[in-house]
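K.L.:
My questions all concern the structure below.
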Amino acid sequence: IIICLFRLNLFNALNKFNRNKQMIIRIGIGLISIIVLVIFYTNRQSAKQKPANIIFGKALVLLDTGDIENAQFQFELLSDNHESTEAGRLSLYFLGSILFNKEEFEVSKSHLIEFVSNSKDDEVLANAHIMLSGIFQQELNLEKEEDHLQLALKHSANKNNQNSIELILAEYYAQNGKNDMALAIVKKIQAFNNVSSNDKKKAEELSGMLSQ
């Protein structure tokens with residue numbers, strides 16, 4: 001019976017993760033432009049930073065053109081050989097993201113945890129915490145799943161991203177018997193103007209589920 005319950009919980013977690021994975025990826029879209037600004041428009045560029053920035057720029061071009069394997073290789077070079085630079089630190093985020101999308105979650109988690117422990121870039125931090133929440137959801141670690149969702153919400157400065165994160169949090173509450181907390185979030189999102197069509201649809205789905 002215990003094994004059957006575990007498999008059922010794992011099946012539910014996988015279903016929920018797959019529903020949210022596209023939302024997690026969508027939240028990350030646009031971060032490259034922010035990171036380029038962080039890297040290339042800082043007031044001071046030391047001689048130590050410049051070689052790392054060249055590799056970082058090449059990695060971003062490869063990523064943008066869909067050459068994921070070679071982009072991953074460049075980010076690995078950065079994290080191994082330029083770990084003390086801004087580009088090297090941000091390479092951990094990109095490695096975590098690439099591996100997350102490949103569903104290599106254990107390695108992704110190690111990169112993302114190292115990144116969040118040393119990062120101060122809020123919007124990038126927010127997306128890293130969302131991915132970590134998704135990984136802990138896969139592991140059925142409910143406490144850490146919620147912790148990272150709360151941290152993602154704390155660090156997100158973008159209103160649309162905040163709405164998306166709150167809806168993931170609402171689904172977490174609904175799945176764990178906290179319907180009042182889930183419904184409060186859903187009603188708040190539905191009362192906003194200029195909610196994205198994806199978030200509006202997600203809120204409607206959750207509202208219907210909570211009304212049953």
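K.L.:
Take the Cβ-Cβ distance between I68 and Q212 as r, set R0 to 45 Å, and report the resulting FRET efficiency rounded to the nearest 0.05.
P.N.:
0.65
K.L.:
Under a plain spin-label model, where a point goes 7 Å from the Cα along Cα-to-Cβ, how far apart in nm are S197 and K144?
P.N.:
A separation of 3.8 nm, rounded to one decimal place.
K.L.:
Taking the alpha-carbon distance from K187 and a cut-off under 18 Å, which aspartates and glutamates remain once sequence neighbours fewer than 8 residues away in the same chain are dropped?
P.N.:
Within the straight-line cut-off, K187 pairs with E166, E171, D199, E204, E205.
K.L.:
For the pair K178 and Q190, how long in nm is the line joining their label points, each one 7 Å along Cα→Cβ?
P.N.:
Label-label distance for K178 and Q190, simple model: 2.0 nm.
K.L.:
Taking Cα centroids, how far is region 185-207 from region 73-100 in Å?
P.N.:
35 Å
K.L.:
Order of 64-76, 93-105 by packing, highest average Cβ count within 10 Å first?
P.N.:
My ranking of the peptides, most packed first, is 93-105, 64-76.
K.L.:
Under 9 Å from the Cβ of H155, count the other residues' Cβ atoms, weight Lys and Arg +1, Asp and Glu -1, and hand me the total.
P.N.:
Surrounding charge for H155 is -2.
Values in this text are rule-based calculations from the coordinates and carry no lab data. Please read all numbers here as calculations on a predicted model, not as lab measurements. Here Cβ is always computed from backbone atoms with ideal geometry, including for glycine, and neighbour counts include all displayed protein chains.
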